[in-house]
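K.L.:
Once you've had a glance at the structure underneath, I'll fire off some questions.
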Amino acid sequence: MLNKKSVDDINVKGKKVLVRCDFNVPLQEGKITDENRLVAALPTIKKLIADGGRVILCSHLGKPKGEAKPELSLAPVAKRLSELLGQEVKFAADAEVVGPNAKAAVEAMKDGEVVLLENTRYRAEETKNGEEFSKELASLCEVFVNDAFGTAHRAHCSNVGVTKFVDTAVVGYLMQKEIDFLGNAVNNPERPFVAILGGAKVSSKISVINNLLDKVDTLIIGGGMAYTFSKAAGGSIGVSLCEDDYLDYALEMKKKAAEKGVKLLLPVDHRIGDAFSNDCNIQIVGSGQIPEGWEGMDIGPETEKIFADAVKDAKTVVWNGPMGCFEMSNFAHGTAAVAKALADTDATTIIGGGDSAAAVNILGYGDKMTHISTGGGASLEFLEGKELPGVAAANDK
């Protein structure tokens, strides 16, 4: 999965190139409120324009569930991309995506021109990887480039199905970067290798914990997941988040860590609240000592020091999931402490998308990280060691 052909390995001059991007941007009243994903796609698009390709862009936006919903049209994206690229991005407004407008626009293209198709999820077949729609997309192009890591863990028409009907399928710069950082971090890390897992649920990270215990030197567990481990060890956790179905699993993972010689670090203290609110009463208690009616909301100050120390000498750190309810300022201390520790280390630091990516950006540490993944779900599955259909579908080198 790690050795794929990229846009640097092909010649696109005079060829029609379909590029799957991730333009799933937040919109408010037709205005894009965060254009990070558009900016991230520019290097691949500019490279294909410069090489004389005829560039046809496609993406999904939101969840229209197979209906043409005007509020989820990609028209605002075409407008903003035209400004960012300094040249017209012609928008093909077809409810059926590959319709008369798209066909006419592609037919009329000259080298270096750009067309954007309508939201691929206007078609119900997109998410089911239906053959008919895959063929229609493939009929527009001679070359396919996948640069949408955020959907790489799903097999859809616009990232996987289309590759069956196109001879040349490669990855773009964004995808290549994800494969290089996440793939190499997990399969060939510079050691010591530390992984930090947070977030609410053990169940969503089960395979990740299991896979990482075979690869890391230290595994740090914080966030809501930690209370399942605490209860499994016989601690009292009040009304904290807990998945009772996974208590045995938590003990198994502790045992596995001990057998593998992996240092497993769990919180030693917690910031707790008597209500799920920023304005609740707060106290700091030792792990396993949360009174009835109180809820663990963040790791405590002692734990912050231990976790920060653990990444000091690391050479590779992967972080997925916050340490507490970081959306509330009184319970953002743990997540901020981990973000700061990562910003201060010389290690290769990889943030696995989703909430952790949001947290480091909100806290102002984004530019201090080596790599922030653009795909939450996809990066998790990468860390689990799963094959990602969107990556696997590209041609091997």
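The values are calculated or read from the model by the stated rules, or taken from the named source; none is laboratory data. All values derive from a computational prediction rather than experimental measurement. Glycine gets a Cβ as well: all are built from the backbone with ideal geometry, and neighbour counts include every protein chain shown. Surface areas here come from the heavy atoms of the whole protein model, side chains and all, with no ligands, DNA or RNA. Shrake-Rupley method; radii C 1.70, N 1.55, O 1.52, S 1.80 Å.
K.L.:
All but one of (1) in the same structural domain as Ile299 (by the TED database); (2) within 18 Å of the chain's Cα centre (by Cα); (3) charged (D, E, K, R) hold for Asp147; which doesn't?
P.N.:
With respect to (1) in the same structural domain as Ile299 (by the TED database); (2) within 18 Å of the chain's Cα centre (by Cα); (3) charged (D, E, K, R), Asp147 is out only on (1).
K.L.:
Specify which of the listed residues (Ala124, Ala104, Ala95) is more than 19 Å from Val160 (Cα to Cα), in a loop (DSSP other than H, G, I, E, B) and assigned by the TED database to the domain that holds Asp147.
P.N.:
Values: Ala124 fails: more than 19 Å from Val160 (Cα to Cα); Ala104 fails: in a loop (DSSP other than H, G, I, E, B).
The match here is Ala95.
K.L.:
Looking at (1) β-branched (Val, Ile, Thr); (2) in the same structural domain as Glu118 (by the TED database); (3) farther than 30 Å from Glu125 by Cα, which is the one condition that is false for Val166?
P.N.:
Just one mismatch for Val166, condition (3).
K.L.:
Residues of the range 267-283 being touching a helix residue (DSSP H, G or I) at 6+ places or on another chain (Cβ under 7 Å) and open to solvent by 40 Å² or more (accessible area, probe 1.4 Å), which ones? If you could, list the steps in order and put the result at the bottom.
P.N.:
Our first condition is that a residue be touching a helix residue (DSSP H, G or I) at 6+ places or on another chain (Cβ under 7 Å); within the range 267-283, this holds for 267-269, 271, 278, 282.
Within the range 267-283, Val268, Asn278, Ile282 meet the criteria.
K.L.:
Scan (1) more than 20 Å from the chain's Cα centre (by Cα); (2) surrounded by fewer than 23 Cβ atoms within 10 Å (Cβ to Cβ); (3) at pLDDT 95 or above for the single condition Ala343 breaks and write down its number.
P.N.:
Condition (1) is where Ala343 drops out.
K.L.:
In addition: For the range 1-57, enumerate the residues that are hydroxyl-bearing (Ser, Thr, Tyr), surrounded by fewer than 23 Cβ atoms within 10 Å (Cβ to Cβ) and closer than 18 Å to Thr151 by Cα. Walk me through it before giving the result.
P.N.:
Here is the first cut: in the range 1-57, the residues hydroxyl-bearing (Ser, Thr, Tyr) are 6, 33, 44.
With the extra rule that they be surrounded by fewer than 23 Cβ atoms within 10 Å (Cβ to Cβ), the set shrinks to 6, 33.
Hit for the range 1-57 is Ser6, nothing else.
K.L.:
Here is a list: Gly296, Gly261. Which entry is surrounded by 15 or more Cβ atoms within 10 Å (Cβ to Cβ), within 31 Å of the chain's Cα centre (by Cα) and of a type outside the set (Asp, Glu)?
P.N.:
Working: Gly261 fails: surrounded by 15 or more Cβ atoms within 10 Å (Cβ to Cβ).
Answer to the selection: Gly296.
K.L.:
Now a separate question. Which of the numbered conditions does Thr335 fail, given that it passes all the others? Conditions: (1) within 30 Å of Ala169 (Cβ to Cβ); (2) assigned to a helix (DSSP H, G or I); (3) β-branched (Val, Ile, Thr).
P.N.:
Only one criterion is unmet by Thr335, namely (1).
K.L.:
I'm checking my understanding of the structure. Among residues of the range 58-72 that are of a type in the set (A, V, I, L, M, F, W, C) and in contact with a helix residue (DSSP H, G or I) (Cβ under 6 Å, 6 or more places away or on another chain), which one is most open to solvent (accessible area, probe 1.4 Å)? So that I can check it myself, show each step before the final result.
P.N.:
Going through the range 58-72, the residues of a type in the set (A, V, I, L, M, F, W, C) turn out to be 58, 61, 68, 72.
Add one more test, that the residue is in contact with a helix residue (DSSP H, G or I) (Cβ under 6 Å, 6 or more places away or on another chain), and what stays is 58, 61, 68.
Numbers: Cys58: 0, Leu61: 5, Ala68: 57 Å².
Checked the range 58-72; the qualifying residue most open to solvent (accessible area, probe 1.4 Å) is Ala68.
K.L.:
Here is a list of conditions, (1) out of contact with any Phe, Trp or Tyr (no Cβ under 7 Å at 6 or more places or on another chain); (2) at pLDDT 95 or above; (3) buried (at least 22 other Cβ atoms within 10 Å of the Cβ); (4) not aromatic (Phe, Trp, Tyr), and Gly150 meets all of them except one; can you say which number that is?
P.N.:
Evaluating Gly150 over (1) out of contact with any Phe, Trp or Tyr (no Cβ under 7 Å at 6 or more places or on another chain); (2) at pLDDT 95 or above; (3) buried (at least 22 other Cβ atoms within 10 Å of the Cβ); (4) not aromatic (Phe, Trp, Tyr) leaves (2) as the failure.
K.L.:
Could you please find all residues in the range 348-372 being within 18 Å of Asn188 (Cα to Cα) and open to solvent by 10 Å² or more (accessible area, probe 1.4 Å)? Working first, answer last.
P.N.:
Narrowing the range 348-372 to residues within 18 Å of Asn188 (Cα to Cα): 348-352, 370-371.
Listed by number, the residues that qualify are Thr348, Thr370.
K.L.:
Where the second residue is surrounded by 20 or more Cβ atoms within 10 Å (Cβ to Cβ) and not in a helix (DSSP H, G or I) and the first is among the β-branched types (Val, Ile, Thr) and lies in the range 59-77, which pairs have Cβ atoms under 7 Å and are six or more apart or on separate chains?
P.N.:
Pairs found: Val77/Phe23; Val77/Leu116.
K.L.:
Something else now. If only one of Asp8, Asp94, Asp22 is touching a helix residue (DSSP H, G or I) at 6+ places or on another chain (Cβ under 7 Å), over 26 Å from Ala358 (Cβ atoms) and acidic (Asp, Glu), which one is it? Talk me through it step by step, then tell me what you get.
P.N.:
Values: Asp8 fails: touching a helix residue (DSSP H, G or I) at 6+ places or on another chain (Cβ under 7 Å); Asp22 fails: over 26 Å from Ala358 (Cβ atoms).
Testing whether each residue is touching a helix residue (DSSP H, G or I) at 6+ places or on another chain (Cβ under 7 Å), over 26 Å from Ala358 (Cβ atoms) and acidic (Asp, Glu) leaves just Asp94.
K.L.:
Okay, moving on. Would a scan of the range 314-330 turn up a residue that is in contact (Cβ under 8 Å) with a residue 12 or more places away in the chain, over 29 Å from the mean Cα position of the chain (by Cα) and assigned by the TED database to the domain that holds Gly354? Give the steps one after another, and end with the answer.
P.N.:
Of all residues in the range 314-330, those in contact (Cβ under 8 Å) with a residue 12 or more places away in the chain come to 314-326, 328-330.
Add one more test, that the residue is over 29 Å from the mean Cα position of the chain (by Cα), and what stays is none.
The answer is no; no qualifying residue exists.
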